[in-house]
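The values are calculated or read from the model by the stated rules, or taken from the named source; none is laboratory data. A quick note: this is a predicted structure, and the numbers were derived from the prediction, not measured. Glycine gets a Cβ as well: all are built from the backbone with ideal geometry, and neighbour counts include every protein chain shown. Keep in mind that these areas ignore ligands, DNA and RNA; they rest on the heavy atoms of the full protein, side chains included. Shrake-Rupley method; radii C 1.70, N 1.55, O 1.52, S 1.80 Å.
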Amino acid sequence: EPKALAPKAEVTAIGNSEDQMFVASGKYVVVFDAKGAELGRHLVGTGVSAVTRIDAHRLGVGFADGNLALVDTRLTSVDARARDAISFDQTPSSVVTRLLPGPMDTLVAGFASGVVGMWSLNDGKRLAEDRRHGAIEHLMLADRKLYAATGLGQHLVWDLSTFYAEWCALLEEVWHRVPVVWKSGRAVAAPPPESHICHRSGTN
């Protein structure tokens, strides 16, 4: 049956996972279980426009001014440190419309300006960016690809298979494509270093 969650302020964003729902209301993101029971509330500030689950203990939050933030759900509801100290680089000055957790601890964000970007959750660095006409309304990961689409019907597809590759396999591909080293100020053809663990393991 329908159940009123009765937020204490205007709801500005809603997100969900398989068994939880996240409601941005006022200065807080409130977490509910599948039956509508409140599990916790986390102080993040006003202007939240998008929210998503990153993992069991973190939420990704986007704001109307284009900023991104992480929320540690293990902290108490009144703890002002609920927003992590990571600073996300080069975010557009545009409303965050969609958020999606990406591979290898990354966050994918879509913006009203049509920008799609990927940021590292380890240091906040921007790893990729592209742009289409119209606000980003859809983000999806499938078959190791990112799909994004705008309200005007434009779309993009990013092949993210590199992010899923095993380390030695990826390094082997780099060695194959770029069989050189930088020596004395110039590129010199050279085989993979014999002492490297990936070379010794027989992956190359």
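Does ALA13 fit the bill of being farther than 18 Å from LEU121 by Cβ and not charged (D, E, K, R)?
In short, yes.
Among the helices (runs of 4 or more DSSP H) contained in the range 96-204, which hold 2 or more residues that are of a type in the set (Phe, Trp, Tyr) and under 25 Å from SER17 (Cβ atoms)?
It comes to 161-164.
Only one residue in PRO193, PRO103 is surrounded by 11 or more Cβ atoms within 10 Å (Cβ to Cβ) and without any contact (Cβ under 8 Å) to a residue 12 or more places away in the chain. Which one?
PRO193
Answer yes or no as to whether ALA13 is exposed (fewer than 13 other Cβ atoms within 10 Å of the Cβ) and hydrophobic (A, V, I, L, M, F, W, C).
Judged against the criteria, ALA13 is not a match.
Among the residues of the range 45-64, is there at least one that is part of a loop (DSSP other than H, G, I, E, B), more than 21 Å from ASP105 (Cα to Cα) and at pLDDT below 90?
So far as the range 45-64 goes, yes, one or more of its residues are part of a loop (DSSP other than H, G, I, E, B), more than 21 Å from ASP105 (Cα to Cα) and at pLDDT below 90.
Scan the range 2-10 and give yes if some residue there is surrounded by 13 or more Cβ atoms within 10 Å (Cβ to Cβ), small (Gly, Ala, Ser) and out of contact with any helix residue (DSSP H, G or I) (no Cβ under 8 Å at 6 or more places or on another chain), otherwise no.
No - not one qualifying residue is present in the range 2-10.
If you go through the range 16-39, how many residues are open to solvent by 20 Å² or more (accessible area, probe 1.4 Å) and among the small types (Gly, Ala, Ser)?
4
Check THR150, THR97 and return the single one that is polar (S, T, N, Q) and either touching a Pro at 6+ places or on another chain (Cβ under 7 Å) or free of Cβ contacts under 8 Å to residues at least 40 places away in the same chain (or both).
THR150
Of LEU171, LEU156, which residue is closer than 30 Å to GLY114 by Cα and open to solvent by less than 70 Å² (accessible area, probe 1.4 Å)?
The conditions single out LEU156.
Sort out which residues of the range 17-34 are of a type outside the set (A, V, I, L, M, F, W, C), in contact (Cβ under 8 Å) with a residue 24 or more places away in the chain and in a strand (DSSP E or B), and write them in order of number.
The answer is GLN20, TYR28.
Can you tell me which residue is nearest to ALA135 (Cα to Cα) among those in the range 65-75 that are part of a loop (DSSP other than H, G, I, E, B), at pLDDT below 95 and open to solvent by less than 80 Å² (accessible area, probe 1.4 Å)?
Here the residue is THR73.
For the range 115-138, give me each residue that is open to solvent by 20 Å² or more (accessible area, probe 1.4 Å), within 22 Å of HIS57 (Cβ to Cβ) and at pLDDT 95 or above.
LYS125
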